[in-house]
Amino acid sequence: MESLTLSPLKHASGEVQLPGSKSLSNRILLLAALSEGETRVTNLLDSDDVRHMLNALTKLGVSYELAEDRRSCTVQGVAGPFKADAAELFLGNAGTAMRPLTAALCLGNGEFELTGEPRMYERPIQDLVDALRPLGADVEYLGDEGYPPMKIKASGLNGGEVSIKGNISSQFLTALLMAAPLAKDDLTIVVDGELVSKPYIDITLHSMKLFGVEVINDNYQRFIVKAGQSYRSPGEVMVEGDASSASYFLAAAAIAGGTIRVYGVGSDSVQGDKAFAEVLGKMGAQVSYGPTWVEVTKGELNGVDLDLNAIPDAAMTIATTALFAKGPTAIRNVYNWRVKETDRLAAMATELRKVGAEVVEGEDFIEITPPAEITSAAIDTYDDHRMAMCFSLAAFGNAPITINDPGCTRKTFPEYFDLFKQVTG
Ligand SMILES: O=C(O)C1=C[C@@H](OP(=O)(O)O)[C@@H](O)[C@H](O)C1
Ligand SMILES: C=C(OP(=O)(O)O)C(=O)O
């Protein structure tokens, strides 16, 4: 396994043009495929998660033309459910491909197998399948009950009223919402209990609206989607920059100074993770926004105690930023860190201790007391892109930090370490 050793870093400044948002890239590609007409998608993310979606669309008979740099793509919509009647789809560890495609495939007619990397077989999908079955979906688990791989025998989805649990992943509700307009009748979706990662539902509703579909949203507890609203191409869509990817650069500036400005995400962004900069502000960094940019300058950082359920991905960056704050930091209500690329609560606790932090790992929270001096360590990344990216920040101490398997950032941000070097060199 390769590793990358970062010498102690002192400074971070410059400008970063963010790659396209993963969440938006995969939603827009799927909706473009299901819609009437041709859609030109620009600023598309080029990363493993998006490649899995693109490969799946090819196998499902969708044609598209991808630019040589893979950052723009013209998709020919199939105007309704996929036309393919059989396919085996390998979806890696991409939640934004696995969950939405599971629901979308049920709309058509045929037999489909959905497979992925070993970790995908440990990431739950039962709450989605339990919501699809009463609508007529035939989904068989091929391995463990409640987890991929799965076989779908599709024959369309009925309308009616269905309830879905949202306390493990918002992607289940996202998947059902995006499939809903192509069901045979109107669909009412009732959220059973707590809904985690709520801002991702706004990304979903925003994406559906771009493609001409309106959803009645009753306080995120009840959604009504009228049938017969077909997706229609808006012609051209530009993908916003990735707000989660922005977090590492903004945190670098907050920790080390001078100033970093990221372009592609700002006050106009639909992504919940734009709120990450506000958290840095609460810690003491100076933050300013434009419609499509965010700028952070170093401040005296203090620990915070916050519920970060709404921004679970960017919240990981707060965990390593906490190494440079005065006093302890608590990140609360992040139980679902445990079912992501790795058990992120356990991984974060183990690796933060390696650099000298004192850590309390709760069932759904983590408390971090920074060390007086960060100690040199080799950080294991657990095939989790965010572990690799977060721990690059530990190099702002006085000790070298080795990141094992830095290539795992390919899931969402293949060029991360090149850009990080540019702003810290
Ligand atoms: O819908 C999305 O695009 C995502 C939703 C979130 O997952 P959960 O809803 O499982 O928390 C987030 O962590 C993931 O990276 C992307
Ligand atoms: C949880 C993540 O990914 P996924 O879309 O696979 O859920 C993530 O990117 O942090």
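The values are calculated or read from the model by the stated rules, or taken from the named source; none is laboratory data. Just so we're clear, the structure is a prediction, and the values are computed from it rather than from any experiment. Glycine gets a Cβ as well: all are built from the backbone with ideal geometry, and neighbour counts include every protein chain shown. Ligands, DNA and RNA are stripped out before the accessible areas are found, and what is left, the full protein with its side chains, is counted by its heavy atoms. Shrake-Rupley method; radii C 1.70, N 1.55, O 1.52, S 1.80 Å.
Quick notes
- Restricting attention to the stretch 379-413 and to residues that are open to solvent by 50 Å² or more (accessible area, probe 1.4 Å) and outside any helix (DSSP H, G or I), the residue that is farthest from ligand 2 (Cβ to nearest atom) turns out to be 398.
- Residues located in the stretch 22-48, provided they are within 15 Å of ligand 1 (Cβ to nearest atom) and surrounded by fewer than 24 Cβ atoms within 10 Å (Cβ to Cβ): 48
- Test: residue in the stretch 199-212 that is open to solvent by less than 30 Å² (accessible area, probe 1.4 Å), farther than 28 Å from residue 333 by Cα, aliphatic (A, V, I, L, M) and in contact with a strand residue (DSSP E or B) (Cβ under 7 Å, 6 or more places away or on another chain): no
- Of the helices (runs of 4 or more DSSP H) contained entirely in the stretch 219-330, those carrying at least 1 residues that are hydrophobic (A, V, I, L, M, F, W, C) and away from ligand 1 (no atom under 16 Å from the Cβ) fall at 243-256, 276-283.
- The stretch 61-81 residues that are touching a residue at least 40 places away in the same chain (Cβ under 8 Å) and part of a loop (DSSP other than H, G, I, E, B), paired with ones that are of a type in the set (Asp, Glu) and open to solvent by 60 Å² or more (accessible area, probe 1.4 Å) (beta carbon under 8 Å, 6 or more apart): 77/36; 77/38; 79/36
- Of the strands (runs of 3 or more DSSP E) contained entirely in the stretch 94-159, those carrying at least 1 residues that are polar (S, T, N, Q) and touching a helix residue (DSSP H, G or I) at 6+ places or on another chain (Cβ under 9 Å) fall at 109-115.
- One residue stands out in the stretch 135-176 among those that are touching a Cys at 6+ places or on another chain (Cβ under 9 Å) and free of Cβ contacts under 8 Å to residues at least 40 places away in the same chain: the one that is surrounded by the most Cβ atoms within 10 Å (Cβ to Cβ), namely 137.
- Unmet criterion (only one of (1) in contact (Cβ under 8 Å) with a residue 60 or more places away in the chain; (2) touching a Ser or Thr at 6+ places or on another chain (Cβ under 7 Å)) for residue 379: (1)
- Top-ranked residue in the stretch 64-97 [being of a type in the set (Phe, Trp, Tyr) and more than 16 Å from ligand 2 (Cβ to nearest atom); ranked as surrounded by the fewest Cβ atoms within 10 Å (Cβ to Cβ)]: 64
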